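A quick write-up on the structure given underneath.
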Amino acid sequence: MATITFEGYMGAGPGWADLGANTLVFSGSLTDLTAAITVGQFQDGTHAGNGDPGTDQCGANHMNNVKYTSGSQMSVNGAAAEDITDANLATTECSLRVHFNHTSSVAVSGARLYCYDGSVVTNEGVGVDMYVFERGRTEVAWTLLNDDSGNIGGDNAGDYKSLADSGAATDHYWYLAISVSPESVGAKASVDLGVALTYS
């Protein structure tokens, strides 16, 4: 049996926790998941909510926020901008961890992350720009994952983010920074993340 889960880092006590039925919420505040993000700006908070956005499910510690400040820089939890590199972004500072588990030891190839509208995997997420960075690949820049007005996004070649291959194991992990900017005023509920991969 194989499973893919999205996990958030909830502090040293619980560590990485399965978001389960919760929603990954981007907001304009480190502590308030209902705070709006200014159009054209990037989020100041990343949270687990039980709806769109619902109420905060982060517990004692809010999830980490990694904000896009330029193509090669980030701000972690409101700190000053710095280069987005493996050296500057710890695994426990990432926005999200993707966890693939298989009951047998398998190798993973062709893994990819995409942003879509929640209904049709080839459609881009509605009303947002989204950038992603995968820690552990010695990258030094963000990758554009979704741009609704530019018709970029979905599980389409050239739009998704290819993730690192992973050797034989029962558990496979990818650590990601994600940053979002609204293109217009209003809630953006038609935005989801998906993962696809091949294992053998």
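The values are calculated or read from the model by the stated rules, or taken from the named source; none is laboratory data. None of these values were measured; they are calculated from a predicted model. Neighbour counts are summed over all protein chains in view; Cβ atoms, including those assigned to glycine, are modelled from backbone coordinates with ideal geometry.
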Say whether the condition of being closer than 20 Å to Asn65 by Cβ, among the hydroxyl-bearing types (Ser, Thr, Tyr) and out of contact with any Gly (no Cβ under 7 Å at 6 or more places or on another chain) is met by at least one residue in the stretch 157-170. no
Condition check: more than 25 Å from Ser200 (Cα to Cα) and buried (at least 22 other Cβ atoms within 10 Å of the Cβ). Does Leu145 satisfy that? yes
Scan the stretch 89-127 for residues that are in a strand (DSSP E or B) and of a type in the set (A, V, I, L, M) and jot them down. Leu96, Val98, Val106, Ala107, Val108, Ala111, Leu113
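I'd like to verify a number: residues in the stretch 1-41 that are of a type in the set (Val, Ile, Thr), in contact with a Ser or Thr (Cβ under 8 Å, 6 or more places away or on another chain) and buried (at least 17 other Cβ atoms within 10 Å of the Cβ), how many?
Number satisfying all stated conditions: 2.
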Return the residue satisfying two criteria in turn: it lies in the stretch 61-87 and is of a type in the set (Val, Ile, Thr), outside any loop (DSSP other than H, G, I, E, B) and out of contact with any helix residue (DSSP H, G or I) (no Cβ under 6 Å at 6 or more places or on another chain), and of such residues it is surrounded by the most Cβ atoms within 10 Å (Cβ to Cβ). Val66
Report the residue count in the stretch 28-46 for those that are touching a Pro at 6+ places or on another chain (Cβ under 7 Å) and closer than 23 Å to Thr91 by Cα. 1
If only one of Val120, Val128, Val180 is within 20 Å of Thr23 (Cα to Cα), of a type outside the set (Gly, Ala, Ser) and surrounded by fewer than 15 Cβ atoms within 10 Å (Cβ to Cβ), which one is it? Val120
Of these, Ala141, Ala168, which one is at pLDDT 95 or above and in a loop (DSSP other than H, G, I, E, B)? Ala141
